[in-house]
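The values are calculated or read from the model by the stated rules, or taken from the named source; none is laboratory data. The structure presented is a predicted model; accordingly, all values stated were derived computationally and were not measured. Ideal geometry is used to build each Cβ from the backbone, glycine not excepted, and the neighbour counts take in all protein chains shown.
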Amino acid sequence: MKRVNYLVILFLVAIILGSCSGNKNAKRVKDADSSEVGKNAAPDSTVYGVCGDGTAMHTLQLVTDASDTLTYLILDEEPNANPVVGGLLAGDRLAVVGYKNADKELVANKVINLTTLIGKWMSIDKNFEIQEGGVVKSNVKAEANPWTSWKIYNCQLLLNKDTFDIDELGADSLYLENKQGIFVYKRQK
């Protein structure tokens, strides 16, 4: 009888320890952004690197931070289906999310040019600067909730705890979208 109780206790301890370690991981992801990146969110699949010289119209050569060279197909047959925002220029820093197709080729779902994203942006009610290293500086002192940090998570832009899709990114314009709507910014010179 004691042996059965001992096994039951060991089983319960294993369940408790397993559930505790799962909660720690969920909390870590939740801390990244509580608005839309929650405990059930997928891990960050973004690959970071530099746009390589082998980049062409329908292919992206990415030299990753781990010094691997990956080639992604860029499929843009449908109108407004180009997954690239911010352009592709050799030497620019990029964030890429993709998948392997049936032929085991890498296909880009979304490509964000981080070099183009860096800079000063403004709208009627926001005036901020996205800087390297995940820092955002607000240029309006009286702003109620200024953004202070940024990062890319699964090719979405996280500004503090606000999550945005980058719909458009150009030399002088930035269109961000979330559940509250579309927000348009122009580059400040």
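Condition check ((1) touching a Cys at 6+ places or on another chain (Cβ under 8 Å); (2) modelled with pLDDT of 95 or more; (3) not assigned by TED's automatic domain parsing to the domain that holds Val85) across all residues:
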{"site": "Ala95", "(1), (2), (3)": "yes, yes, no"}
{"site": "Asp103", "(1), (2), (3)": "no, no, no"}
{"site": "Asn127", "(1), (2), (3)": "no, no, yes"}
{"site": "Ser138", "(1), (2), (3)": "no, no, yes"}
{"site": "Ile152", "(1), (2), (3)": "no, yes, yes"}
{"site": "Leu158", "(1), (2), (3)": "no, yes, yes"}
Here is a list of conditions, (1) touching a helix residue (DSSP H, G or I) at 6+ places or on another chain (Cβ under 9 Å); (2) charged (D, E, K, R); (3) over 18 Å from Met57 (Cα atoms), and Asp125 meets all of them except one; can you say which number that is? (1)
Residues of the stretch 83-105 being part of a loop (DSSP other than H, G, I, E, B), within 25 Å of Gly170 (Cβ to Cβ) and out of contact with any Leu (no Cβ under 9 Å at 6 or more places or on another chain), in sequence order, are Leu89, Ala90, Gly91
Which residues, taken from the stretch 106-154, are part of a loop (DSSP other than H, G, I, E, B), surrounded by 19 or more Cβ atoms within 10 Å (Cβ to Cβ) and out of contact with any strand residue (DSSP E or B) (no Cβ under 7 Å at 6 or more places or on another chain)? none
Check off (1) of a type in the set (Gly, Ala, Ser); (2) touching a Lys or Arg at 6+ places or on another chain (Cβ under 8 Å); (3) surrounded by fewer than 13 Cβ atoms within 10 Å (Cβ to Cβ) for Ala102 and give me the number that stays unchecked. (2)
Looking at the stretch 159-182, which of the residues that are crowded, with 17+ Cβ neighbours inside 10 Å and more than 14 Å from the chain's Cα centre (by Cα) is nearest to Ala95 (Cα to Cα)? Leu169
Hey, can you tell me all the residues within the stretch 54-82 that are closer than 22 Å to Ser173 by Cβ and among the small types (Gly, Ala, Ser)? Ala81
